[in-house]
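**Q** Once you've had a glance at the structure underneath, I'll fire off some questions.
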Amino acid sequence: MRTPDVQSRPGRTAVFVATLTLAVGLTACGQAADSGAAPDQGDVAGESVKIGLLLPDTITARWENFDRPLIENRIAELCPDCTVEYANAQGNVATQQRQMETMITQGVDVLILDAVDPKALQNSVRNATEVNVPVVAYDRLAEGPIAAYVSFDGAEVGRLQGEVLLEAMGGKADGGQIVMMNGDPADPNSDWFEEGARSVLEGKVKIGKSYDTVGWRSDVAHVNMAGAIAALGPDSIDGVYAANDALAFGVISALKANHISPLPPVTGQDAELAAVQRIVEGEQTMTVYKPFEPQAEAAAAIAVALGRGEPAEAIAEDEIDNTTDEDIPAVLLTPIAVTVDNIVDTLVKDGMYTIDQICTPKYASACERAGLTT
C-alpha cells in the first residue's frame, strides 16, 4: 500500500491568510504578475483567466452540492473577469479524459482536476502540462506533473475514524472483530485513509474481512457487507470501518437486511446530510467533516494564481510526493470527527446544515433524544 509522502515547509501559515494575501494582490484579474511567470505561458495582462473544473461523479453528494459552487463563487470573487468551464465525469475515466482534452482545445489556462482514476489520468495531466496548462489536483492526488494539490490529511481522516470506532466499541475494542469497507482502489485517498485507520486498529481488534469498494458505490458495499455477515456470522461483527458515508449507507442497509440488532458501530466520512441524520438516529456512529469552504477557496486561489503566471507556493506551503514527482506544492487541511455529541458545535455552527434541515419530521423524536431540539 503506497500513501503520499507529506512534508511541511518552514513558516507554514493558515490557508485563509495566504488566500487573503492573494486576493489583495489580485485587485483586477487583468493585472499582470511581476514575477513567477511560467516559461512560454505568455503575458496574461488584460486577459481573463479561463479555468477548467473537472469533478469525478455525482454519487458523492458533496461535489455538486458544495465543492462546485464554492469553487466557482471564490473564483468570481478573486477574479470577476475569470470564467469557469465545468464538467462532471459521472465516474467514467474515458469521459474525464475527453473532457480534459476538450477544455485544453477550448483554451483553458489552468485545470482543477478531481480525478476519477489518478493513475489512468496521468498521461492527460502530462499532455496538459506540455501545452502550459497547469493542473491543480483537487481532493485526490493525481499522478503526473501536477502543479499543486489541495486536500485534507488522509491519514488523519483514517486515524479519526479508527479512534472513534474503538471508543464506540467499548469493551469489545480489545480483541473484538471488525470489517473494513475501504474505498475505491483507483483513488489514492483510499489507501491513505486505510493506512491511518490501521495505524489505530491493528493490534487492538481482529480484522475479520477487508474489502475495496469500486466506485465508492453503496450497492457494492451492501453486497460486500452481506458477504462478510455470511462468512463471519451475524453475531461476530463488533464494528465496521466504512471509509465514507456512501459506504456506511450500504453497510447499514446490509446489517438491517440481516436483522442485526443492535447495529454495531459504523464509521463514515464527508458529513452528508443523510449520514448526519443516521448519526442522530443512532444507526451510524460518526462521520468525518472536511470543511469544504477552505479546501475550495484554496483551490480557487491557486488556480487563479497559476492562470496568471504566479507561483502556487505562495498559497500551498506544504509539500507532497506522488508516484511521478516530488515536492509538489500542497495545501493539507485538518479534518474533524463528528458524532451526535458535537453536531451543533461543528456542522450547525459552520452553517453546513441547519437544525431544521437535519431534524425533519422523520427524525423529530431522534433529534429530541439527541438534544438537538426541545
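The values are calculated or read from the model by the stated rules, or taken from the named source; none is laboratory data. Computed from a predicted structure; not experimentally measured. Neighbour counts are summed over all protein chains in view; Cβ atoms, including those assigned to glycine, are modelled from backbone coordinates with ideal geometry.
**Q** Run residue 358 past the list (1) assigned by TED's automatic domain parsing to the domain that holds residue 58; (2) closer than 26 Å to residue 71 by Cβ; (3) over 18 Å from the mean Cα position of the chain (by Cα) and report the number of the one that doesn't hold.
**A** (1)
**Q** Still on this structure, I have one more. Just to be sure I understand the filter: pairs with C-beta atoms under 9 Å, separated by 6 or more residues or on different chains, first member in segment 327-352 and free of Cβ contacts under 8 Å to residues at least 24 places away in the same chain, second member surrounded by fewer than 14 Cβ atoms within 10 Å (Cβ to Cβ). Which pairs pass?
**A** 341/371; 348/354; 348/355
Condition check ((1) surrounded by fewer than 24 Cβ atoms within 10 Å (Cβ to Cβ); (2) at pLDDT 95 or above; (3) not hydroxyl-bearing (Ser, Thr, Tyr)) across all residues:
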| site | (1), (2), (3) |
| --- | --- |
| 240 | no, yes, yes |
| 247 | no, yes, yes |
| 259 | yes, yes, yes |
| 264 | yes, yes, yes |
| 291 | yes, no, yes |
| 300 | no, yes, yes |
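**Q** Out of (1) more than 15 Å from the chain's Cα centre (by Cα); (2) within 25 Å of residue 314 (Cβ to Cβ), what's the single condition that is false for residue 96?
**A** (2)
**Q** Additional query: Does segment 61-72 include one or more residues that are free of Cβ contacts under 8 Å to residues at least 12 places away in the same chain and over 17 Å from residue 216 (Cα atoms)?
**A** Yes, the conditions are met somewhere in segment 61-72.
**Q** Hey, among 139, 117, which residue is within 12 Å of the chain's Cα centre (by Cα) and of a type outside the set (Phe, Trp, Tyr)?
**A** Numbers: 117 fails: within 12 Å of the chain's Cα centre (by Cα).
The unique qualifying residue is 139.
**Q** What's the number of the only condition in (1) in contact with a strand residue (DSSP E or B) (Cβ under 7 Å, 6 or more places away or on another chain); (2) not in a strand (DSSP E or B) that residue 127 fails to meet?
**A** Of everything listed in (1) in contact with a strand residue (DSSP E or B) (Cβ under 7 Å, 6 or more places away or on another chain); (2) not in a strand (DSSP E or B), residue 127 misses just condition (1).
**Q** For segment 342-374, which residues satisfy the criterion of being within 30 Å of residue 139 (Cα to Cα) and either assigned to a loop (DSSP other than H, G, I, E, B) or of a type in the set (Gly, Ala, Ser) (or both)? Outline the logic, then answer.
**A** In the first step, residues of segment 342-374 are kept if they are within 30 Å of residue 139 (Cα to Cα); the result is 342-359.
342, 349, 350, 351, 352, 353, 354, 359, listed by residue number.
**Q** Name the single residue that is surrounded by the most Cβ atoms within 10 Å (Cβ to Cβ) among those in segment 201-217 being in a helix (DSSP H, G or I) and touching a residue at least 60 places away in the same chain (Cβ under 8 Å).
**A** The first filter runs over segment 201-217 and keeps only residues in a helix (DSSP H, G or I), leaving 201, 214-216.
Retained after the next criterion (residues that are touching a residue at least 60 places away in the same chain (Cβ under 8 Å)): 215-216.
Working: 215: 17, 216: 26.
Out of the qualifying residues, it is 216.
**Q** Which one of these is within 23 Å of residue 69 (Cβ to Cβ), hydrophobic (A, V, I, L, M, F, W, C) and either surrounded by fewer than 20 Cβ atoms within 10 Å (Cβ to Cβ) or not assigned by TED's automatic domain parsing to the domain that holds residue 165 (or both): 296, 370, 366, 314? Give the steps one after another, and end with the answer.
**A** On the way: 370 fails: within 23 Å of residue 69 (Cβ to Cβ); 366 fails: within 23 Å of residue 69 (Cβ to Cβ); 314 fails: within 23 Å of residue 69 (Cβ to Cβ).
On inspection, the qualifying residue turns out to be 296.
**Q** Of the residues in segment 104-160, how many are over 23 Å from residue 335 (Cα atoms) and among the basic types (Lys, Arg)?
**A** Of the residues in segment 104-160, 2 are over 23 Å from residue 335 (Cα atoms) and among the basic types (Lys, Arg).
**Q** Say we look at segment 162-186 and pick out the residues that are small (Gly, Ala, Ser) and in a loop (DSSP other than H, G, I, E, B); which of these is surrounded by the fewest Cβ atoms within 10 Å (Cβ to Cβ)?
**A** Filtering segment 162-186 for residues that are small (Gly, Ala, Ser) and in a loop (DSSP other than H, G, I, E, B), the one surrounded by the fewest Cβ atoms within 10 Å (Cβ to Cβ) comes out as 175.
**Q** Among the residues that make up segment 120-134, is at least one of them without any contact (Cβ under 8 Å) to a residue 24 or more places away in the chain, of a type in the set (Val, Ile, Thr) and surrounded by fewer than 16 Cβ atoms within 10 Å (Cβ to Cβ)?
**A** no
**Q** Show me the helices (runs of 4 or more DSSP H) entirely contained within segment 1-109 in which 1 or more residues are at pLDDT below 50. Steps first, please.
**A** Numbers: elements: 15-25, 68-78, 93-105.
Fully inside segment 1-109 and qualifying: 15-25.
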